[in-house]
Amino acid sequence: MRKILIEGMVCSKCTDKIEKKLKSIDGVEDVKVFLEGEEAYVSGDVDEQLLKSAIESEGYKVTSIEQVEGIKHPEERKGFFSRLIKKIEDSNKNTFGEGKLHCCDFDKKEKDKEKK
């Protein structure tokens, strides 16, 4: 399993985009992407450069890739308030739906700027 540190993720839409991209690569068996810690865990027989290219093609920066034994889930490192914030974020997603925020949709941001 590989642990990949990624810069530039700011919301759950970012993690979903990276997870979907990595899962589309032949040879990838499983993918877990965590906003907390800005990290992804990928299992399967895939070239590291291919993983890096896939992530960076989505507009993020890979800062390191290392071989690890297993996932150290970021939730295990979180305190009470971090878990509370996560619950609030999930509640907002359920209330307002996916795609309402576009903090990482660069095309949408540009279109909004043009409208102003």
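The values are calculated or read from the model by the stated rules, or taken from the named source; none is laboratory data. Keep in mind that what you see is a predicted model, and the values were worked out from it rather than measured. Virtual Cβ from ideal backbone geometry, glycine too; neighbours counted across all protein chains shown.
Quick one: in region 38-59, of everything that is in contact with a strand residue (DSSP E or B) (Cβ under 7 Å, 6 or more places away or on another chain) and part of a helix (DSSP H, G or I), which residue is farthest from Asn92 (Cα to Cα)? I'd like the intermediate steps shown before the answer.
To start, the set of residues in region 38-59 that are in contact with a strand residue (DSSP E or B) (Cβ under 7 Å, 6 or more places away or on another chain) comprises 38-44, 46, 48, 51-52, 55-56.
From the residues that got through so far, the ones that are part of a helix (DSSP H, G or I) too are 48, 51-52, 55-56.
On the way: Glu48: 35, Leu51: 31, Lys52: 31, Ile55: 27, Glu56: 28 Å.
The extreme case among them is Glu48.
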Margin query: Condition first: at pLDDT 90 or above and out of contact with any strand residue (DSSP E or B) (no Cβ under 7 Å at 6 or more places or on another chain). Can you find one or more residues in region 73-80 that meet it?
Written below: no
Checklist line | Residue list for region 1-54, filter: within 10 Å of the chain's Cα centre (by Cα), on the phi < 0 side of the Ramachandran plot and among the small types (Gly, Ala, Ser) | finding: Ser12, Ala40
Next item on the list: Give the residues of region 22-52 that are among the small types (Gly, Ala, Ser) and exposed (fewer than 14 other Cβ atoms within 10 Å of the Cβ), sorted by residue number.
Entry: Ser24, Gly27
Note to self: If I filter region 17-37 for residues that are under 23 Å from Glu89 (Cα atoms), outside any strand (DSSP E or B) and without any contact (Cβ under 8 Å) to a residue 24 or more places away in the chain, do I get at least one hit?
What the structure shows: yes
